[in-house]
Amino acid sequence: MDETISVGDFIKLLWDFYRSCKSGLSGQAGLGESELSLSELLSYGHFRLWLEDRDERYPNEPLNRKGAARILHQFLKIECGLPDLADIKAAEELKDLYTCRVCANHIAQVYARKIIPAQEYDDCTLIFNHLEPVSKNEACEFIRKIQQFLA
């Protein structure tokens, strides 16, 4: 597996991608915002409620798949104004969807939007694999897939 990414590095990557997409759409270089340090960004995300206390307090922890799903779902909903999908039936094929009932909707939303794919287990069972660490390459791919929702 490739090098894993930390929660803080993922958030910074997400924010930088978002700002570059938004500046490209508006023609403005920085949307009137100065460059944020990681601690300022974590504080901002926590204040806006797309990050949790744990993200701000432990940004060096490795990112796992359920953390990525939560952050991406909340970010898209809060920063981008993207409403939740009403139909999440596609996610019901994930055998471990309700392993974490708190994050089930986050997982269902990013899975149904094809942002974070399932993993195959036993050649025919699809699982989300909540606690699997996310590699830097996977994180970049997840973030790239949200571009369609930023327009």
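The values are calculated or read from the model by the stated rules, or taken from the named source; none is laboratory data. What you see is a predicted model, and the numbers here were worked out from it, not measured in a lab. No Cβ is skipped: glycine too gets one built from the backbone with ideal geometry, and neighbour counts run over all protein chains shown.
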Inset, instruction - Name every residue in the range 57-78 that is of a type in the set (A, V, I, L, M) and either under 13 Å from Lys12 (Cα atoms) or surrounded by fewer than 22 Cβ atoms within 10 Å (Cβ to Cβ) (or both), in order of residue number. - result: Leu63, Ala68, Ile71, Leu72, Ile78
Inset, instruction - Just one of (1) of a type in the set (D, E, K, R); (2) modelled with pLDDT under 95; (3) closer than 25 Å to Cys21 by Cβ trips up Asp122, so point out which. - result: (3)
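Give the residues of the range 73-96 that are among the aliphatic types (A, V, I, L, M) and closer than 28 Å to Asp123 by Cα, sorted by residue number.
Pass one, the range 73-96, residues among the aliphatic types (A, V, I, L, M): 76, 78, 82, 85-86, 88, 90-91, 94.
Hits for the range 73-96 are Ile88, Ala90, Ala91, Leu94.
A quick yes/no check of all residues on (1) over 17 Å from Val7 (Cα atoms); (2) without any contact (Cβ under 8 Å) to a residue 12 or more places away in the chain; (3) among the hydroxyl-bearing types (Ser, Thr, Tyr):
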| site | (1), (2), (3) |
| --- | --- |
| Gln74 | no, no, no |
| Ile88 | yes, no, no |
| Leu97 | yes, no, no |
| Asp122 | yes, yes, no |
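I need the full set of residues from the range 107-151 which are part of a loop (DSSP other than H, G, I, E, B) and surrounded by 14 or more Cβ atoms within 10 Å (Cβ to Cβ), in order please.
Quick first cut of the range 107-151, residues part of a loop (DSSP other than H, G, I, E, B) only: 113-118, 122-124, 128-132, 134, 150-151.
Across the range 107-151, the qualifying residues are Arg113, Ile115, Ile116, Pro117, Ala118, Phe128, Asn129, His130, Glu132, Val134, Leu150.
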Inset, instruction - Give the residues of the range 127-151 that are closer than 25 Å to Asp87 by Cβ and either at pLDDT below 95 or touching a Ser or Thr at 6+ places or on another chain (Cβ under 7 Å) (or both), sorted by residue number. - result: His130, Gln147, Gln148, Phe149, Leu150, Ala151
